[in-house]
Amino acid sequence: MSSIKVLSTTTIYAPNHSNYHTIDLTPWDLQFLPFEVNQKGPLYHHPLKLDTSNQVEHLKQSLSSTLEFFPPFTGRLKITEHEDNNISCSITCNNEGALFVHATTENISVDDILGPTYLPRILYSFFSLNGVKNYQGTSEPLLAVQVTELVDGIFIGCTINHMVCDGTSIWHFINSWAKASKGCFDISKIPSFERWFPISIQRPIRFPFTIESQNNHSNNDIHKKEKSNLLERIFHFRKENIAKLKLKANLEAGTKNISSLQTLLTHIWRSIIRSKNLDPQEEVNYVVVIGVRPRLIPPLKENYFGNTMLVCVVTMKAGELLDYGGLGKGSWEMNKMISLHSDEKLKNHYENWLNRPCFISAGMFNSETLITGSSPRFDVYGNDFGWGKPVAVPIGGENKENGISYVSAGVEDGSMDLQVCLPYETLEAIGNDTEFMDFVSN
């Protein structure tokens with residue numbers, strides 16, 4: 001497969017920018033400081049030999065217009081060292097600019113990306129700022145867009161510093177940009193950048209963090225070798241198959257409260273456990289990322305722009321998952337764990353972080369732990385920049401660890417996609433697992 005050729009790089013500024021303000025960050029933001037940047041990208045199909053030069057220039061202009069409503073994306077992080085060996089971190093909205101890269105490929109088609117069983121690694125070259133950690137946002141752009149031309153398509157790779165926002169806010173921005181590209185500059189929800197803090201808290205939050213220790217971890221040769229052995233595959237589930245799984249799980253658990261997503265995650269969890277032939281008494285973990293917005297009292301507003309998520313863990317014995325009724329057992333345990341996160345628990349978690357800060361970083365979970373991020377609620381297929389509906393919306397190569405997956409809405413209404421990162425042997429075993437694949441519609 002051919003390489004990527006960069007045609008131009010441009011700094012995009014927000015027009016009419018005069019509000020040089022600072023955004024103090026919450027524990028929900030700060031937990032991502034050592035994490036790698038977030039990468040999302042819609043892939044579009046267009047006719048052969050389409051002249052896209054004018055459209056790329058139009059994307060730059062519409063991006064600039066959209067950034068007027070999203071000033072953090074043209075700012076930079078500010079990390080301040082204090083005398084007590086603590087630091088504080090904030091976003092300075094100084095309009096230093098976002099990065100726009102225009103690239104091309106000689107002979108890569110849309111089918112070359114979507115056709116193979118495993119996602120080709122060339123896909124990672126469709127994104128900028130690969131290898132950048134969030135704390136490097138002091139000098140690196142907080143938003144980088146790479147528009148890559150394929151033979152018969154175009155890919156818009158968005159790399160976003162996770163300190164700025166979560167998936168809900170990312171897709172709010174991308175949805176708004178797509179509408180602006182089609183001539184609609186009316187932002188449906190004007191984003192609010194005021195973070196949520198308890199009344200008595202000192203701002204900005206001070207906490208211990210050393211960049212040196214993060215650099216030492218990132219240079220771990222063993223960890224790099226492990227990542228190089230990982231592959232990715234997208235499993236597609238149609239609405240009707242998800243409904244069958246959900247009904248089965250609820251019947252097994254004797255409830256009606258298990259959701260489609262909880263069922264789907266437990267379904268792949270069981271297949272992965274089957275592939276590993278673990279001792280039935282061995283404990284296995286599933287880390288689920290949950291949203292905070294609707295769970296606080298009062299709920300955060302829909303236009304809250306920032307991170308509002310935390311991770312929680314379901315722990316079970318391998319045998320419990322694989323026994324008869326295991327789909328219902330696993331799904332119900334996941335449901336109960338998520339339900340525990342009340343307003344009181346979330347606020348206690350927030351306060352505990354202030355006393356004992358902890359961070360999400362690469363390699364923090366062992367190989368027997370699975371973790372799923374993103375959400376099927378995000379409007380990933382509603383983004384028409386001028387080439388119609390995306391044909392796929394894959395995730396970039398950053399934050400890819402053994403056992404991590406990302407869930408998103410599928411191309412058909414009510415369907416879901418799971419982009420799963422695992423060693424080749426495990427992915428092959430899942431692909432040959434009829435109990436799992438009977439519900440997959442690839």
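Within segment 225-241, the only residue that satisfies the criterion of being touching a helix residue (DSSP H, G or I) at 6+ places or on another chain (Cβ under 9 Å) and modelled with pLDDT under 90 is Asn229.
Within segment 163-212, the residues that satisfy the criterion of being touching a strand residue (DSSP E or B) at 6+ places or on another chain (Cβ under 8 Å), open to solvent by less than 50 Å² (accessible area, probe 1.4 Å) and either of a type in the set (Val, Ile, Thr) or more than 21 Å from Met309 (Cα to Cα) (or both) are Val164, Ile170, Ile174, Ile205. Could you run through segment 327-362 and say how many residues are within 16 Å of Asn257 (Cα to Cα) and assigned to a helix (DSSP H, G or I)? Result for segment 327-362: 13. Scanning segment 98-109 for residues that are of a type in the set (Val, Ile, Thr) and either touching a Phe, Trp or Tyr at 6+ places or on another chain (Cβ under 8 Å) or open to solvent by 30 Å² or more (accessible area, probe 1.4 Å) (or both) yields a single hit, Thr104.
Among residues that are within 24 Å of Cys421 (Cα to Cα), open to solvent by 20 Å² or more (accessible area, probe 1.4 Å) and touching a residue at least 12 places away in the same chain (Cβ under 8 Å), Asn130 is included. Candidates Thr74, Thr9, Thr80: the one that is closer than 22 Å to Gly396 by Cβ and surrounded by fewer than 19 Cβ atoms within 10 Å (Cβ to Cβ) is Thr9.
Those residues that are part of a loop (DSSP other than H, G, I, E, B), open to solvent by less than 20 Å² (accessible area, probe 1.4 Å) and not aromatic (Phe, Trp, Tyr), I need them from segment 376-392; list them, please. Scanning segment 376-392 gives Val380, Asn383, Pro390. Return yes when Leu63 is within 20 Å of Thr159 (Cβ to Cβ) and part of a helix (DSSP H, G or I) and no when it is not. Yes; evaluated as a whole, the condition is true for this residue. Considering segment 271-285, and only residues there that are outside any helix (DSSP H, G or I), out of contact with any helix residue (DSSP H, G or I) (no Cβ under 6 Å at 6 or more places or on another chain) and touching a residue at least 24 places away in the same chain (Cβ under 8 Å), the residue that is nearest to Gly414 (Cα to Cα) turns out to be Asn285. For segment 306-332, the candidate set comprises residues that are more than 24 Å from Pro27 (Cα to Cα) and within 24 Å of the chain's Cα centre (by Cα); within that set, the residue that is surrounded by the fewest Cβ atoms within 10 Å (Cβ to Cβ) is Thr315.
The rows are residues; the columns are (1) surrounded by fewer than 19 Cβ atoms within 10 Å (Cβ to Cβ); (2) touching a residue at least 60 places away in the same chain (Cβ under 8 Å); (3) part of a loop (DSSP other than H, G, I, E, B).
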residue: Gly397; (1), (2), (3): no, yes, yes
residue: Asn402; (1), (2), (3): no, yes, yes
residue: Asp413; (1), (2), (3): yes, yes, yes
residue: Asp417; (1), (2), (3): no, yes, no
residue: Cys421; (1), (2), (3): no, yes, no
residue: Glu428; (1), (2), (3): yes, no, no
residue: Phe436; (1), (2), (3): no, yes, no
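Every condition in (1) modelled with pLDDT under 95; (2) open to solvent by 10 Å² or more (accessible area, probe 1.4 Å) holds for Val56 except the one numbered (2). Mind listing whichever residues of segment 224-270 are more than 21 Å from Gly410 (Cα to Cα) and assigned to a helix (DSSP H, G or I)? Selection gives Lys224, Lys225, Glu226, Lys227, Ser228, Lys248, Ala249, Asn250, Leu251, Glu252, Ala253, Arg270. Of everything in segment 142-184 that's in a helix (DSSP H, G or I) and aliphatic (A, V, I, L, M), which residue is nearest to Thr92 (Cα to Cα)? That would be Ile170. When each of Ser139, Ser65 is tested for being among the small types (Gly, Ala, Ser), closer than 18 Å to Phe305 by Cβ, open to solvent by 10 Å² or more (accessible area, probe 1.4 Å) and in contact (Cβ under 8 Å) with a residue 24 or more places away in the chain, the lone residue that passes is Ser65. Ile290 meets all of the listed conditions (1) modelled with pLDDT under 95; (2) of a type outside the set (D, E, K, R); (3) within 23 Å of Leu340 (Cβ to Cβ); (4) open to solvent by 50 Å² or more (accessible area, probe 1.4 Å) but one, namely (4).
Yes or no: Ser181 of a type in the set (Gly, Ala, Ser), modelled with pLDDT of 95 or more and at negative phi? In short, no.
The values are calculated or read from the model by the stated rules, or taken from the named source; none is laboratory data. From a predicted model like this one, the values you see are computed outputs, not experimental measurements. Cβ atoms come from the backbone with ideal geometry, glycine included; neighbour counts cover every protein chain shown. Heads up: the accessible areas ignore ligands, DNA and RNA and are worked out on the full protein's heavy atoms, side chains in. Shrake-Rupley method; radii C 1.70, N 1.55, O 1.52, S 1.80 Å.
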